[in-house]
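Here the structure comes first, spelled out in structure tokens, and everything after it is commentary.
Nothing in this text is a laboratory measurement; each read-out follows from the coordinates by a stated rule. The model shown is predicted, which means the values in this text are computed figures rather than measured ones. Backbone-built Cβ (ideal geometry, glycine too); neighbour counts: all protein chains shown.
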């Protein structure tokens, strides 16, 4: 019987990456010196399940590598090894290597062997450091050099005696001894002796528990590693002793290990003890390899297409569907009553019919109201399936801060809150990189080095705060640091130098702050590999805009900066304002709208006889006529009492003249590009309640089309 | 209603791939045009569309086709034939168009649908390269059926996005 394992691969990778995340975050909380056993246990468990899974699915390199990590963790757990900063750092590094290996396994690409070998060398070096403590299990497997390894592991012999004493709960994990025995019998001639002395009387027998133990004799030319592989899944759930068959003198192991057949004590000697010299040879060789930089980093794979959904969310939807069915039958009833009533009315007797009519109408309205509520709730429920807590993104940050602060010699305290805030999966996948950019920037440019901080009268340790929360259909993410803030004079000088603004331009503080988002802008005096290539902020802004969000920065020199990202909850639905222009309905994304107002003639000015501007309170904002942008005939010379929607474009307000304002409503976004092409002024389309199509504005596109038409002389103001 | 002019109709290949040679034809004024029937998704009556700002004139707009946004192209305007008012006979032929790495669904407005013809590959002649209203790139060939001339269109070329882009560019400048 063979099962196609590949169907489980996706789940395995998903779980493994989750496991890696757990390992990473727990490693970061691990205190050097006094390792909390609980934390180490958590890390160990995560590593262990990755190892088990990898073994099952045949990713031997992954399981071997994890095994070495596990050994180190095991020693930390039982206290025979101190938790040193070096060990923690190399474990963190190993997590990275493991991730690369898993990614390579998933994408069927090559693993950078040198990188893996280098990491093996580091781990083995740590393991070797305290060889004096050899009483503990130091089952170092010199995996990087399989040929050398083979002489130990693949000891040719006549066979093995395996003492297999499972713990009573072995069956709970779905392991079946019979299956393992069958696998063993494929390796060689197997004979088994069962010990059923622990079997309780029938009345006390718990059918889910395992009371038996076995002594197995496996004859033939078999390597020990093969046997171990069979028991790979259960090695923690049983006491396992593998000894060579008596009489086998070729194996060095036989000398070291007592030849006792059954060891009733709970000692698990799973792996053979390697010859120590071999280990040092390996690590020496690998240290050479380590000096060479890992060459290529495998490219990031596409995001997974599956999603894990909490059972509560599914239950909720099932409940909602139940309610929907009830509403449907209720409306059905109304329909039948109405039909019966119509028949009765046609036969005659008009007296009571009016009253019944009113009654049916009342029920119909009630049913429709209920249907509306059901639909809305169902929509919300289905949308929530796509929602994931933002901790998926935030969880990357502690590691980033940990690594970067060490690199930059800064002391930083990362405070994260609102991790449970939920966000659409697609938005989440696309917000990760911009967030990393912003955090890097805050660390690199924002927070100062300890000496500068002390000189400025601030505490040595800088505080970086990540916060997320919901606000009216949007998700707000704040990245706040108490660093130097944006140096406005320098930003201004730089912007002039780069030709982004002119010498004489007068800008508000806010406008200066937002210059950092301009393409090709970077004030970092030294371009570091952390940030400062001058693409970062520009890209951050573009990616956030692409998601239908906005980013603003507030900064006070010497006090710090706050970056606020405002994102839509989901990409599939948008809150929109319906407007009409030239007889067509359009949707303006509510997130872009600042306010709507009626134009007052006295506030309009023409600048240089060309563009029109509007004086809104103490600000002058450009006016764009939607009709002109769309090429629709515009016979309104005077804009008095016209409706103007003020939208935000690149951080500054722009007024757009529309014909009519209609209601606000949630619309489902449909792509125009699926069957057509990109329309510069539109970000998509939607279907309105009456089945007609309405296009959704892209206000940035509107402004650039307006500019183009103005320059071409198509529009005259 | 279909007339086979295939002289080698005993050819097994042809009978096996009988649909390969079926064409749906429609009318534009007096002229009859055909498209590969396998590319036709459906035929529907003309209904109002939502116009797309700054689109070339031959793009009438978009419609909601059971939840999908589909653009509608007027074939008369595409060919530069004098346009007529839409009436109850005016239909939209919804076609599956290939090209630019993906399949698209687009509708074309025509005066009326006509027939389904079975035309063998051999009977498809190269169009004469003169005095013809349409750009030769859009033509797959011509055939004579029942003494009528039918122009077979290459819809992938006809509806390519590149042409729409070019038209949008020039339309954007000259429009308004």
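A few notes on this one:
- Mean Cβ neighbour count within 10 Å, used as a protection proxy, ranking A:80-87, B:116-123, A:308-315, A:319-326 highest first: B:116-123, A:80-87, A:319-326, A:308-315
- Spin-label zone in the stretch A:651-693 - amide nitrogen under 18 Å from a point set 7 Å from the Cα of residue A:635 along the C-beta vector: A:658-660
- Nearest-0.05 FRET efficiency for residue B:66 and residue B:122, computed from C-beta distance (R0 41 Å): 0.55
- Length available on full extension from residue A:82 to residue A:420: 0.36 nm per residue minus the Cα-Cα distance, which gives 118.2 nm.
- Average other protein chain Cβ within 10 Å of Cβ, residues B:63-74: 4
- Averaged over residues, the count of other Cβ atoms within 10 Å places the peptides A:229-237, A:117-125 in the sequence A:117-125, A:229-237, highest first.
- For the pair residue B:98 and residue A:408, label points projected 7 Å from Cα toward Cβ lie 5.4 nm apart.
- Peptide A:698-711 has a mean of 1 when you count, residue by residue, the C-beta atoms of other protein chains within 10 Å of its C-beta.
- DSSP beta bridge pairing in the stretch A:389-568, given as percent antiparallel to the nearest 5: 80
- Distance between modelled label sites at residue A:385 and residue A:361, nm, 7 Å Cα→Cβ extension: 4.0
- Residue A:500 paired with residue A:341, simple spin-label distance in nm, labels 7 Å along Cα-to-beta-carbon: 6.7
- Peptide A:652-664 has a mean shielding of 0, counted as Cβ atoms of other protein chains within 10 Å of each residue's Cβ.
- Given R0 = 56 Å, the distance between the Cβ atoms of residue A:707 and residue A:455 translates into a calculated FRET efficiency of 0.75.
- Packing rank of A:439-445, A:509-515, where each peptide gets the mean count of other beta carbons within 10 Å, highest leading: A:439-445, A:509-515
- Residue A:14/residue A:96 FRET efficiency (R0 30 Å; Cβ-Cβ; nearest 0.05): 0.95
- Taking 0.36 nm per residue of separation and subtracting the Cα-Cα distance, full extension of the segment from residue A:539 to residue A:556 would add 3.8 nm.
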